[in-house]
Every structure is written in structure tokens, then in C-alpha cells.
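The values are calculated or read from the model by the stated rules, or taken from the named source; none is laboratory data. What you see is a predicted model, and the numbers here were worked out from it, not measured in a lab. Virtual Cβ from ideal backbone geometry, glycine too; neighbours counted across all protein chains shown.
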Ligand code: ATP
Ligand code: MG
């Protein structure tokens, strides 16, 4: 029997609505070529349009509505002109991440032929690594408060929370990813010289985990110099693992080093597959370019390839990546890459390359 998957399609807001159709065009081409059955469930909620009609981002039974879905293919959320970002984000995407326990945020960072690199003297092949960000705890908590508010003594405390389970599981994922690659290098982001309790402890969990992966070369680096090395020596990285805050910063810095935000994909994974994982571009809804049909759909399309890979369809993933490479090297380009093609032109070209 052919492999068969049910995918929830959530375009969301702004250019999410423009890049999703191109992502689907390419997924359809891959499904046809590799005999994969994809069933789509199209969802209009998790958007600011839905909020305008109902006063909330998602229906109360959102989990039931997603039951039976193997993955979520997500455009972008946010329309700050009508809904504050913290409302739209906390009401949708962050609910998925937390309630579906998508504790791995995975972002490939790769430089392709034909893409102008903001770093001097870098060629394709020099930059090819993954950022693995812890996605559920760490520095992003709401534990704390303000004391003596409004007085000279005003004092704000906000705590971080690192559980052994939460830390070990992200480290394990990163070690395994590093082990599956040819270079087998893992860089652990830390700041144990400045953050005196949680970061030395984070390092000790990494040391402990390293014992089970003797074939992986581990390298702990303080976040400040690590960020500088993303720019100065990106070729030294293979897999980088970081806490929620450090990973958040690195996973925007990484893609920025390889050209446009319009290329960067991401996966929010529940590796145990108890809940559906979510695949989305790194960029947001980009209100400034919405409606012009000039958004680059490659981040969305690459996110679809990550989804197929996670669903066990490695050949389909590889075919989409090859097609992206080919179109970036000699196909049409959207304005962010200096061309004048429309969003759909890119989707059509990549789908044609996937079809072979
Ligand atoms: P968020 O708050 O989630 O970061 P945003 O809408 O504020 O979202 P982004 O969507 O990340 O910001 O975009 C930042 C800028 O990068 C946009 O204003 C847009 O000009 C550009 N950009 C983002 N995505 C694309 C894309 N797919 N194609 C072309 N340009 C893009
Ligand atoms: Mg923004």
C-alpha cells in the first residue's frame, strides 16, 4: 500500500496565505512522483480574520478538529494592525508548540548556489548546519513578578526553568542528529561563565549525555562568541543545540547569514509522534509585502520537504531540495533575491523540477 498521510493546512495571515498554495503545489508534485497519498484538511482558523469574526484565534475544540492529522503545515500568523502580536501568537502557534509538546525547533541553515551571501568569501558548501532549539521551557516562562512597583526600590524578577527531562530530551535529539551526519560535530551553546546556576547545570547534562555518544565531537561555546562565529566561521558548525532563548536568537541569525528570510524553513517536532508536528517558514506574515504576490515561497516549500522527511519520505524530501537548488541557481527569482518573478512563478518552477 502507498504511504498515506493526513495534513492540516493552516495558511494563517498575510503572506502565509500566498505561500501556502505554492507549498501545496510542490507537495502535490512530490506526492504524484513518489506515490504518496496526501489528504488535506483546510483550516481557516488560527488567523486574525477568524479572530475578527469570533474574538478568539482558534475554536474551543481545535484539538478534536486536528485529531487524526499526521502533521500541520502552517503559513504565518499575525496581523498587528488589528490584533496585537502577543494575542495572535499566544492564541495559536504557541498553543500548538506547548500543547502538542513540540519541544524541538529545528532550523536548517544552508547556503545555496545563486543566493547572494551577506558574508564575504563564502560559497555553497561552506554553510550547512542545523540549529536545534529547545522549544518549551528555559528562559521563556511567566514565573516572577514586580516588587515595590512605582518606587525607587522597584525590582523585577523573572525565573528560568530547566527540567532534567526537558533538557535531556533536547540534548538527546541533537546528539542523535549529529550522529546521523558525516561530520558528527555538536556545538552546545552555553553561558556558564555569566549565568551561574542554570548554565553550568545545562553543561553538566550535556557532558552526561555525551558519554552515550562517544563518536560525536562535542564543543561547548559561550553564546556571545558562538554568535560571532556564526558570522566569522560558519563552516565550523554541524549541529548546534541551544536553550529556548539562545536558540531563538541563533535560529534567526543563522538564516540571516545565508541570504534572505524568504528561504529559511523550520520544523516544530514532537519526536515521539504522540502529537502532530508543525512545519512553517521562519518568516512571519510580512504585512509590508502582502497582496503584491512577491513573497518568496521557498521557505514554505522547504518546510514541506522537512515535513515529508519527518513522515519518512526521504526521497521526496531530497527531490524537493534538488528542485529548490536548481531553481535558485538558474530559475526565476522573487524581488528579495533581485528578480521580478511572482510568488506563483517560483512554485510552478519548483513543482516542474520535482515532477522531473
Ligand atoms: P514576525 O513578527 O513573525 O517576525 P513580521 O511580519 O514582523 O513577522 P517577517 O514576516 O519575518 O516579519 O518579515 C520581515 C521582513 O522580511 C518583511 O517585512 C519582508 O519584507 C521580508 N520577508 C519576510 N518573508 C519574506 C518572504 N517570504 N519573501 C520576501 N520577503 C520576505
Ligand atoms: Mg515581527
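Within 13 Å of ligand 1 (Cβ to nearest atom) and touching a residue at least 12 places away in the same chain (Cβ under 8 Å) - does that describe any residue in segment 305-322?
First, pick out the residues of segment 305-322 that are within 13 Å of ligand 1 (Cβ to nearest atom): none.
No, the conditions are met nowhere in segment 305-322.
Among the residues of segment 108-118, are any assigned to a loop (DSSP other than H, G, I, E, B), at positive phi and modelled with pLDDT of 95 or more? Give the steps one after another, and end with the answer.
Let us first name the residues in segment 108-118 that are assigned to a loop (DSSP other than H, G, I, E, B), namely 111-118.
The next check asks that each one be at positive phi; those that pass are 114.
After this cut, where a residue has to be modelled with pLDDT of 95 or more as well, the list is none.
No: zero hits.
Go through (1) within 16 Å of ligand 2 (Cβ to nearest atom); (2) free of Cβ contacts under 8 Å to residues at least 40 places away in the same chain; (3) not in a helix (DSSP H, G or I) for residue 14 and report which single condition fails.
All conditions are met except number (2).
Could you check, for segment 135-147, whether at least one of its residues is part of a loop (DSSP other than H, G, I, E, B) and assigned by the TED database to the domain that holds residue 323?
Here is the first cut: in segment 135-147, the ones part of a loop (DSSP other than H, G, I, E, B) are 135-137, 139-143.
Add one more test, that the residue is assigned by the TED database to the domain that holds residue 323, and what stays is none.
The answer is no, given that none of the residues of segment 135-147 is part of a loop (DSSP other than H, G, I, E, B) and assigned by the TED database to the domain that holds residue 323.
If you go through segment 127-146, how many residues are surrounded by fewer than 16 Cβ atoms within 10 Å (Cβ to Cβ) and in contact (Cβ under 8 Å) with a residue 24 or more places away in the chain? Can you show your working first?
To start, the set of residues in segment 127-146 that are surrounded by fewer than 16 Cβ atoms within 10 Å (Cβ to Cβ) comprises 141-146.
Subsequent filtering for residues that are in contact (Cβ under 8 Å) with a residue 24 or more places away in the chain retains none.
Summing the residues that are surrounded by fewer than 16 Cβ atoms within 10 Å (Cβ to Cβ) and in contact (Cβ under 8 Å) with a residue 24 or more places away in the chain in segment 127-146 gives 0.
Counting just the residues of segment 17-37 that are out of contact with any strand residue (DSSP E or B) (no Cβ under 6 Å at 6 or more places or on another chain) and outside any helix (DSSP H, G or I), which one comes out nearest to residue 87 (Cα to Cα)?
Applying the filter and picking the extreme gives 36.
For segment 64-73, state whether one or more residues are away from ligand 2 (no atom under 16 Å from the Cβ), at positive phi and out of contact with any strand residue (DSSP E or B) (no Cβ under 7 Å at 6 or more places or on another chain).
To start, the set of residues in segment 64-73 that are away from ligand 2 (no atom under 16 Å from the Cβ) comprises 64-73.
When the remaining residues are screened for being at positive phi, the result is 68.
Imposing the further condition that a residue be out of contact with any strand residue (DSSP E or B) (no Cβ under 7 Å at 6 or more places or on another chain) reduces the set to none.
Within segment 64-73 (the criterion being away from ligand 2 (no atom under 16 Å from the Cβ), at positive phi and out of contact with any strand residue (DSSP E or B) (no Cβ under 7 Å at 6 or more places or on another chain)), the answer is no, since none of the residues qualifies.
Specify which of the listed residues (75, 91) is surrounded by 15 or more Cβ atoms within 10 Å (Cβ to Cβ), under 26 Å from residue 271 (Cα atoms) and within 12 Å of ligand 1 (Cβ to nearest atom). If you could, list the steps in order and put the result at the bottom.
Details: 91 fails: within 12 Å of ligand 1 (Cβ to nearest atom).
Going through 75, 91 in turn, the sole match is 75.
Select from segment 277-299 the residues that are over 15 Å from the mean Cα position of the chain (by Cα), crowded, with 23+ Cβ neighbours inside 10 Å and more than 16 Å from ligand 2 (Cβ to nearest atom) and list them in ascending order.
296
Is it the case, given these coordinates, that residue 27 is touching a helix residue (DSSP H, G or I) at 6+ places or on another chain (Cβ under 7 Å), more than 24 Å from residue 283 (Cα to Cα) and buried (at least 18 other Cβ atoms within 10 Å of the Cβ)? It would help to see each step written out before you state the result.
Numbers: touching a helix residue (DSSP H, G or I) at 6+ places or on another chain (Cβ under 7 Å): yes; more than 24 Å from residue 283 (Cα to Cα): no; buried (at least 18 other Cβ atoms within 10 Å of the Cβ): yes.
So residue 27 fails the test.
Scan segment 62-70 and tell me whether some residue there is closer than 23 Å to residue 138 by Cβ and either outside any helix (DSSP H, G or I) or away from ligand 1 (no atom under 16 Å from the Cβ) (or both).
Looking only at segment 62-70, we keep the residues that are closer than 23 Å to residue 138 by Cβ, and these are none.
No - not one qualifying residue is present in segment 62-70.
Of all residues in segment 181-220, how many are in contact (Cβ under 8 Å) with a residue 24 or more places away in the chain, surrounded by fewer than 17 Cβ atoms within 10 Å (Cβ to Cβ) and under 23 Å from residue 119 (Cβ atoms)?
The number of residues fulfilling the criteria is 3.
Is at least one residue of segment 75-97 modelled with pLDDT of 95 or more and assigned to a strand (DSSP E or B)?
Yes: segment 75-97 contains one or more residues that are modelled with pLDDT of 95 or more and assigned to a strand (DSSP E or B).
Please work out if residue 61 is surrounded by fewer than 21 Cβ atoms within 10 Å (Cβ to Cβ), in the same structural domain as residue 328 (by the TED database), modelled with pLDDT of 95 or more and more than 28 Å from residue 173 (Cβ to Cβ). Give the derivation first.
Working: surrounded by fewer than 21 Cβ atoms within 10 Å (Cβ to Cβ): yes; in the same structural domain as residue 328 (by the TED database): yes; modelled with pLDDT of 95 or more: yes; more than 28 Å from residue 173 (Cβ to Cβ): yes.
Yes: the conditions hold for residue 61.
Can you tell me which of 235, 248 is outside the structural domain of residue 76 (by the TED database), surrounded by fewer than 20 Cβ atoms within 10 Å (Cβ to Cβ) and within 11 Å of the chain's Cα centre (by Cα)?
Numbers: 235 fails: within 11 Å of the chain's Cα centre (by Cα).
Criteria check complete, one pass: 248.
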